[in-house]
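K.L.:
Structure incoming, see below.
Coordinate-derived values only; no laboratory data. Since the structure is predicted, the reported quantities are computational estimates derived from the model, not experimental observations. Please note: Cβ atoms are built from the backbone with ideal geometry, for glycine as well, and neighbour counts cover all protein chains shown.
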Amino acid sequence: MRPQKLFYLAILLLVLAVSSADAQWPSDRRTVEVTPFGGSRFGGVVDLNSGPADFLPIRSTWDYGAMMDVDLVPHVQAEFMWDHQPTVLSAHDFDTGTTSRIGQAALDFYQWGILYSFLRPESKIQPYVAGGLGFTHFSAKVNSMDVLPFENRFSYNIGGGVKYFPVEHLGLRLDVRYSPTRTTSSLGLVCDFFGCFPAEVANYAQQGEANVGVIFRF
């Protein structure tokens, strides 16, 4: 599925969330927050199962995107987040231990989740925790050929931050998230109450991000 279609799907699901919020909280008390943001996204590798390279490091770079938060009940908001990271993929050679650049890549993160604020909605300073589920769209090509054997992968996020509203309809936001993405799978050792046995396990690109944004509240 192309990124444009994924974005339209995200907007549709957010509209449904707004409709649900209308039924749970009177419209004269419900607010919608739109937050364009920018910052840094860091860490992460794509593990490989064959070839001279054993993993592909994802370069830590700047990122940008937008969040939309809709009041459900006091202290709780439904959230949609889109985050775009232009980056570079490299290849780590298993035999020599050297890393060489492959080419440019782009990661788009689409996440739906819940945000919980600790203080009252009318407070100027609002610390919060948040988390959600979604997927990551990978775009990486060299000479018009795909570098990765996949495009869309399950991802999730967990983190928190603080909002500051100097005036009612305008604010600032600092947001920090841990946001891994499932990439490939490999044979590993799984243990339970009955012992340990080999099984296929999921590999994740372990990434984090720190962003600042401007909140427009309606």
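K.L.:
Can you work out D for region 78-151 in µm² s⁻¹ from Stokes-Einstein, where Rh is the Kirkwood radius over C-alpha pairs, the temperature is 37 °C and the viscosity is 0.692 mPa s?
P.N.:
Diffusion coefficient, whole number: 212 µm²/s.
K.L.:
Mind giving me the nanometre distance, one decimal, between the label points for F42 and I114, set 7 Å out from Cα along Cα→Cβ?
P.N.:
It works out to 3.0 nm between the two label points.
K.L.:
Further question: Can you give me the distance in nm between label points at I158 and A106, each placed 7 Å from the Cα along the Cα-to-Cβ direction?
P.N.:
3.1
K.L.:
Here is a further query. By how many degrees, 0 to 90 and rounded to 10, does the Cα axis of helix 3-24 deviate from the longest principal axis of the chain?
P.N.:
Between helix and principal axis, roughly 40 degrees.
K.L.:
Amide H of V45: which non-local residues (sequence gap of 5 or more, or other chain) have their own amide H closer than 5 Å, using H built in the peptide plane?
P.N.:
Correct list: I58, Q206.
K.L.:
Given (i) 19.8, 64; (ii) 17.1, 55; (iii) 21.0, 77, which label gives Rg and Dmax of the Cα atoms in Å as computed from the coordinates?
P.N.:
(i)
K.L.:
I would also like to ask the following. If you take the beta carbon distance between D54 and F193 as r and set R0 to 41 Å, what does 1/(1 + (r/R0)^6) give as a FRET efficiency, to the nearest 0.05? Please list the in-between numbers first.
P.N.:
Values: r = 32 Å, r/R0 = 0.79.
Calculated value: 0.80.
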